[in-house]
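The values are calculated or read from the model by the stated rules, or taken from the named source; none is laboratory data. No experiment lies behind these values; they were computed from the predicted model shown. Positions of Cβ are generated from backbone atoms using ideal geometry, with glycine treated the same way; all protein chains shown enter the neighbour counts. SASA here: full protein model, heavy atoms, side chains in, ligands and nucleic acids out. Shrake-Rupley method; radii C 1.70, N 1.55, O 1.52, S 1.80 Å.
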Amino acid sequence: MSVSLPLIFCAIDTPDMNAARHLAAAMQEAGCGIKLGLEFFNANGPQGISAIRNTHPELPLFLDLKCHDIPNTVGGAVRAVASLAPAYLTLHASGGATMMRTAQDAANEEALRLGIAPMALLGVTVLTSLDDAALGAIGQVPPVERQVLRLAKLAQDSGLAGIVCSGHDIAPVRKDIGGDLVLMVPGIRPAGSAAQDQKRIMTPQEALRSGATHLVIGRPITEAADPGAAAAAILAGQNVVNTAPVKNKYI
Ligand code: C5P
């Protein structure tokens with residue numbers, strides 16, 4: 001099965017329901033998806049996601065909840081959000097192979113039960129806030145780049161559809177691990193826009209040339225005077241039509 005998903009998922013990082021509603025409407029109009037994460041989820045709960053889903057049932061949703069717990073608990077967490085029908089959900093690859101397999105099994109079983117397409121799970125490799133020293137301090141083996149590859153391979157071997165990675169990880173992951181992983185890439189800045197707190201940024205064009213599947217773009221869109229126009233301008237600036245196949249071992 002192949003599902004056509006948007007190139008850009010706009011990061012809606014707000015606890016404010018009204019702001020989220022307005023941005024969701026603008027992103028639907030612009031042909032983007034939305035990423036809702038812990039900030040929105042913890043403020044508004046699954047009911048908040050449902051409210052946006054009910055208004056925009058076709059708007060592709062990336063649920064960035066970065067699950068990390070024992071396999072049984074993560075499996076339960078995945079089941080609990082399945083009815084929200086996200087296209088993507090994140091979990092930490094460092095939770096291990098059994099956790100990832102259990103999560104993907106739960107996603108597929110629950111989708112079958114609900115009669116919907118299964119969500120694709122994405123492994124978070126190394127948070128970009130961690131450098132080599134911070135990685136060593138939590139007992140993981142630096143350098144960061146090697147640990148990203150190690151966790152990306154583990155995610156792939158555990159049946160996940162893809163990973164979240166920085167723009168600078170795209171080329172090594174594509175080279176070492178292969179072509180069909182979904183690569184969801186944050187830290188994207190259109191040429192000329194402010195880096196803000198992002199340290200290692202890439203333009204949309206650079207990331208796509210390297211092999212990104214999707215781009216996560218937040219503030220360059222959400223803080224624009226007209227978010228829909230900003231998203232449309234970014235899409236118009238690169239000539240890539242994205243029909244990324246959602247693939248995992250079950251679909
Ligand atoms: O484009 P902007 O910097 O506003 O987007 C930030 C979004 O990307 C946030 O939702 C953040 O959680 C996410 N993100 C990131 N860096 C990562 C992983 C995710 O900025 N390594």
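Helices that extend 24 Å or more along their long axis by alpha-carbon positions and average at least -1.0 on the Kyte-Doolittle scale are, among the DSSP H runs of the chain, 97-114.
Using just the alpha carbons, could you tell me how many Å³ per residue the convex hull of region 182-222 encloses?
63
The length gained by stretching the chain between Glu58 and Arg209 to full extension, at 0.36 nm per residue less their Cα-Cα distance, is 51.6 nm. In this simple spin-label model, placing a label point 7 Å from the Cα along the Cα-to-Cβ direction at both Ala171 and Glu29 gives a separation of 3.9 nm.
Compute the Kirkwood hydrodynamic radius of region 93-251, taking the inverse of the mean of 1/r over all pairs of distinct Cα atoms, and give it in Å to one decimal.
16.9
Ordering Gly136, Gln156, Leu122 by Cα displacement along the dipole of the chain toward the positive end leaves Gln156 in first place; charges were set at the Cβ atoms of Lys, Arg (+1) and Asp, Glu (-1).
Evaluate region 130-179: find the radius of gyration of its Cα atoms, find its Kirkwood radius, and give the ratio Rg to Rh.
Working: Rg = 11.1 Å, Rh = 11.4 Å.
Looking at region 130-179, the ratio lands at 0.98.
Find the centroid of the Cα atoms in region 200-241 and in region 74-96, then give the distance between the two in whole Å. Result: 26 Å between the Cα centres.
To put it simply, the accessible area of the chain at a 1.4 Å probe is 54 percent carbon and sulfur. With both labels modelled 7 Å from their Cα along Cα-to-Cβ, the Gln196 to Ile70 distance reads 3.8 nm.
Stokes-Einstein diffusion for region 43-85 at 10 °C, viscosity 1.306 mPa s, with a Kirkwood radius from C-alpha pairs, works out to 139 µm²/s. In plain terms, the bigger the Kirkwood radius, the slower the diffusion; for region 16-128, with that radius from Cα pairs, at 37 °C and 0.692 mPa s, Stokes-Einstein puts D at 229 µm²/s. Which one, Ala225, Gly31, Asn72, is farthest towards the positive end of the dipole of region 3-248 when Lys and Arg carry +1 and Asp and Glu -1 on their Cβ? Selected residue: Asn72. Taken per residue, the accessible surface of the chain reaches 44 Å², heavy atoms only and a 1.4 Å probe.
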